[in-house]
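The structure appears right after this line, and notes come after that.
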């Protein structure tokens, strides 16, 4: 069974010259649930004002997709084990670099999830690490990329 996932993207030139390469990279992203986001190239790649630092860039979306997928699998596995998660926070980040052919890519994404559990049933560190490992193995997005994706859980003591 295959599923189809869609996103709409729209960029309009408007009154910009375009051929001078000084055009705005700001665009609109629309998703099937009705959410719309302003997108842009990263100011780290294309300088402002052609990029918009207030908009989300593809690199941020990539990191967010990996972090979100991992979290959703983690929560599902924890729920099946009857562990009650109160809070899941992940200040994930990606690191740009070059591949073997010298092309720019996001070389690695590091997930740094902090999970707070509720109730008397507080899982041991080893179990939390096992659940993170299972989530990583199941994550559709992580399974779809060639970048290294590491999960380094942060434990609150």
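Note on the chain: with a GNM built from Cα contacts shorter than 10 Å, the maximum mean-square fluctuation among 126, 64, 92 falls on 126. Sorted ascending by nearby beta carbons within 10 Å, beginning with the fewest, 25, 125 become 125, 25. Note on the chain: with a GNM built from Cα contacts shorter than 10 Å, the maximum mean-square fluctuation among 79, 135, 65 falls on 79. Counted residue by residue at 0.36 nm each, then reduced by the alpha carbon distance between them, the extension gain from residue 120 to residue 22 reaches 29.4 nm.
What the pair-distance distribution of the range 58-151 shows, using all Cα-Cα distances binned every 5 Å from zero, is 3, 13, 25, 22, 15, 10, 6, 3, 2, 1, 0 percent. Between residue 82 and residue 148, the FRET efficiency estimated from the beta carbon spacing at R0 = 35 angstrom works out to 0.60.
DSSP beta bridges fully contained in the chain are about 75 percent antiparallel.
Here the relative contact order of the range 58-151, from alpha carbon pairs under 8 Å that lie six or more residues apart, stands at 33 percent. Nearest 10 degrees is fine. How inclined is helix 125-138 to the longest principal axis of the chain, computing both from alpha carbons? That helix lies at roughly 40 degrees to the long axis. Placing a label point 7 Å from the Cα of residue 130 along the Cα-to-Cβ direction, none of the residues of the range 70-111 has a backbone N under 11 Å of that point. Put the Cα centre of the range 1-17 next to the Cα centre of the range 70-145 and the gap is 29 Å. Pair-distance distribution P(r) for the chain, from all Cα-Cα distances in 5 Å bins starting at 0: 2, 8, 14, 16, 16, 15, 12, 8, 5, 3, 1, 1, 0 percent. Largest first, the extents of the alpha carbon coordinates of the range 1-56 on the three principal axes equal 46, 23, 20 Å.
If you plug the beta carbon distance of residue 36 and residue 62 into 1/(1 + (r/R0)^6) with R0 = 22 Å, you get a FRET efficiency near 0.70.
For the chain, modelled as a GNM whose springs connect Cα atoms under 10 angstrom apart, the maximal fluctuation among 106, 116, 131 occurs at 116. Does a label point 7 Å from the Cα of residue 7, set along Cα-to-beta-carbon, have any residues of the range 90-125 with amide nitrogen under 18 Å, and which are they? So the set is 92-96, 105-110.
For the chain, the longest principal axis of the C-alpha atoms and the axis of helix 58-80 are separated by about 20°.
Just so you know, all these numbers are worked out from the coordinates, no wet-lab data involved. Values in this document were obtained by computation on a predicted structure and should not be read as measured data. Neighbour counts run over all protein chains shown; Cβ positions are idealised from the backbone, glycine included.
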